[in-house]
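The values are calculated or read from the model by the stated rules, or taken from the named source; none is laboratory data. Everything numeric in this text was worked out from a predicted model, so none of it was measured. Heads up, the Cβs are rebuilt from the backbone with ideal geometry, glycines too, and the neighbour counts pull from every protein chain shown. When the accessible area is computed, the model is the full protein with side chains, heavy atoms only, and any ligands, DNA or RNA have been set aside. Shrake-Rupley method; radii C 1.70, N 1.55, O 1.52, S 1.80 Å.
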Amino acid sequence: MSVPPALAVGALYDSLLQAALRQFFSRAVLDTEPTPSLSSDGRLSIEPSADPFALTIRWFGTRYTLRARSRWPFTAHEVRFARAIGSVLAARYRAILSPRIIAERSVLFRGAIEDRYVGAFLDPEPYLLDSPQPRAERIASVIELLRVAALSSYENRTITTGVLLLGTTDDPCRPHPALQARAPSYTESLTSIKSFYRLADGVRTVFLANAEGRLLDIIDIDRWSRDVCFDEEPDPQPEVSGPKAYEAHARATVRHGHVCAVLSPSREIKVFAEGAQLFAFRGASWHLLDLKAKYDVWAEAVRDPSLALRLFQTALDLADAREGALFVVVRDPAEAVPQLLAPADRLGSDVPDVDTSDRPSRRDLLQLVAGRTVMDLDPTVFAALASIDGATVTDRNGRLLAAGAILRHPASTDFEHEGIVEGARTTAALAASRYGPVLKVSADGVITFFDGERIWDI
């Protein structure tokens with residue numbers, strides 16, 4: 001007995017939905033409920049429930065519950081991303097069963113489906129049937145170009161590039177009405193032009209494209225972001241917008257629905273919108289950063305807003321530079337210091353140095369910051385200090401207790417569920433988090449927050 005095509009396609013897309021939710025919401029568990037759903041005709045519903053730790057999904061007669069396992073509920077961005085995933089899959093399902101739609105929207109099936117999830121997140125009305133070309137598709141085509149560039153090189157050098165995709169039909173700083181009609185579109189076809197990669201490095205300069213994707217200009221992103229709409233009161237930028245090296249990229253997207261996408265020197269694709277970096281593509285997968293929500297959880301644990309912001313921003317900058325670090329904020333120094341720090345690693349300690357020669361030692365250099373706080377140091381100086389091998393340890397007022405310290409921790413810990421085999425820095429971070437909040441920065445660009453357990457990753 002053959003299965004009706006609609007049921008076979010429905011089963012396929014239902015499995016794709018489950019796979020996507022498990023991939024992008026690793027901190028949650030997806031349960032199938034026996035409760036029948038009214039959406040057996042292919043209508044998809046993803047809604048928050050009365051429980052802030054749960055989302056309810058209904059599709060093809062099945063009801064699911066996506067439940068957060070961590071101690072903080074789903075954020076607004078996570079709910080929005082779940083709906084974006086659903087909108088892409090629902091659009092593909094409708095298209096594959098309709099010859100007319102699939103003929104008009106064949107682009108919907110191009111490239112990686114994950115890129116369309118990102119595009120749908122950034123498009124307030126993705127995949128409406130009467131829309132000639134959803135903005136989500138233009139964003140996905142930009143990402144596709146950057147994917148190609150990431151796999152390429154130019155004159156034996158890693159390629160970096162980027163584009164600011166306007167939410168308006170023209171440049172609000174300098175209109176280009178005559179250029180728009182004949183300007184090429186920012187698509188993958190441009191990668192065949194060798195000099196294309198030399199014109200915009202993605203860090204200081206980016207291409208400028210209008211809402212239809214047509215190239216308008218090459219701009220200095222810092223100057224453009226400061227000049228745009230200078231005659232208006234600027235909208236506030238989020239407290240944490242991303243790495244300092246890309247502050248201008250975030251600032252350029254504060255208003256008008258502009259989106260900036262760049263390929264960084266580390267071959268990470270960064271996507272900025274709404275005044276902050278929202279997504280990162282690294283390690284062959286997309287990551288929803290949700291910086292504000294994660295910063296708020298971190299700041300609540302640290303309790304000192306200035307200290308929390310300085311440590312968080314430094315972690316973002318070091319992760320972008322692919323430099324590892326470990327930050328520990330101990331709640332009770334009297335209890336934590338003897339357990340975590342050897343006497344020789346404690347700043348201001350009078351313990352004699354093992355090396356009795358007259359040569360200056362690493363310890364002598366680090367004593368330059370003894371008695372000082374994190375806020376006493378310039379951000380660049382503190383970042384350099386934090387990049388030294390070992391941990392930077394402070395009290396809750398930001399007083400530096402150690403820098404470049406090898407933390408003491410037992411050979412085995414009680415955190416069996418966290419997988420200590422991940423590495424020495426993870427083991428040290430888990431052990432230290434018994435005494436206060438910890439930020440671990442990995443050399444692959446991942447930031448992890450521990451507070452007695454793993455809380456989140458960026």
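Considering the values (i) 45; (ii) 66; (iii) 38, which represents percent of Cα pairs over 33 Å apart as calculated for the structure under consideration?
Here percent of Cα pairs over 33 Å apart agrees with entry (i).
For segment 145-152, just list the computed ³J(HN,Hα) in residue order, Karplus coefficients 6.51, -1.76 and 1.60, θ = phi - 60°, integers in Hz, with x standing in for Gly and Pro.
Karplus values, whole Hz, x for Gly and Pro: 4, 5, 4, 4, 4, 5, 8, 10.
Any idea which of M375, V254, I113 is furthest toward the positive side of the dipole for the chain, if Lys and Arg beta-carbons carry +1 and Asp and Glu beta-carbons -1?
I113
May I ask you to list the lysines whose Cα is less than 30 Å away from that of K294, ignoring any residue fewer than eight positions away on the same chain?
K244, K270, K440
Per-residue ellipticity at 222 nm for the chain, helices alone: DSSP H runs ≥ 4 residues times -39500 (n - 2.57), over residue total, nearest 500 deg cm²/dmol?
Result for the chain: -9500 deg cm²/dmol, rounded to the nearest 500.
Quick one: net charge of Y197's neighbours, Cβ under 15 Å, K/R +1, D/E -1?
+3
Put a dot 7 Å past each Cα toward the Cβ at A344 and R100; how far apart are the dots in nm?
Reported label-point gap for R100 and A344 is 7.9 nm.
Could you work out the relative contact order of the chain? I mean the mean sequence separation of Cα pairs under 8 Å and 6+ apart, divided by the number of residues, in percent.
RCO, the chain: 10 percent.
Calculate how steeply helix 76-96 sits against the longest principal axis of the alpha-carbon atoms of the chain, using the helix alpha-carbon long axis, and give the answer as 0 to 90 degrees to the nearest 10.
Between the helix axis and the principal axis of the chain, the angle is about 30 degrees.
What number comes out for the charge environment of R138, summing +1 per Lys or Arg and -1 per Asp or Glu over other residues with Cβ under 12 Å away?
It works out to a net charge of -2.
Beta carbons within 10 angstrom, averaged per residue: use that to sort the peptides 195-205, 286-296, highest first.
Going from most to least packed, we get 286-296, 195-205.
Mind listing the phi-derived Karplus ³J(HN,Hα) values for segment 207-218, rounded to whole Hz, using 6.51, -1.76 and 1.60 with θ = phi - 60°, and x for any glycine or proline?
Each residue of segment 207-218 in turn: 6, 10, 10, 7, 4, 8, x, 7, 5, 10, 6, 10 Hz.
Taking the dipole about the Cα centre of the chain, with the C-beta of Lys and Arg at +1 and of Asp and Glu at -1, give me whichever of A149, A342, A402 is farthest to the positive side.
About the Cα centre, the residue reaching furthest to the positive side is A149.
What does the charge count near A319 come to, summing +1 for each Lys or Arg and -1 for each Asp or Glu among other residues with Cβ under 12 Å from its Cβ?
-1
Are there any trypsin sites (Lys or Arg not before Pro) in segment 59-119 that are in a DSSP loop and have at most 10 other Cβ atoms within 10 Å? List them by number.
R69
Quantify, in whole percent, the carbon and sulfur part of the accessible surface of segment 178-312 (1.4 Å probe; protein heavy atoms only).
52
Size of the dipole of the chain about the Cα centre, Lys and Arg at +1 and Asp and Glu at -1 on the beta carbon, nothing else charged, in debye to 20?
Once rounded to the nearest 20, the dipole reads 980 debye.
With the other protein chains left in place, how much accessible area per residue, in square angstrom, belongs to the chain at a 1.4 angstrom probe?
46
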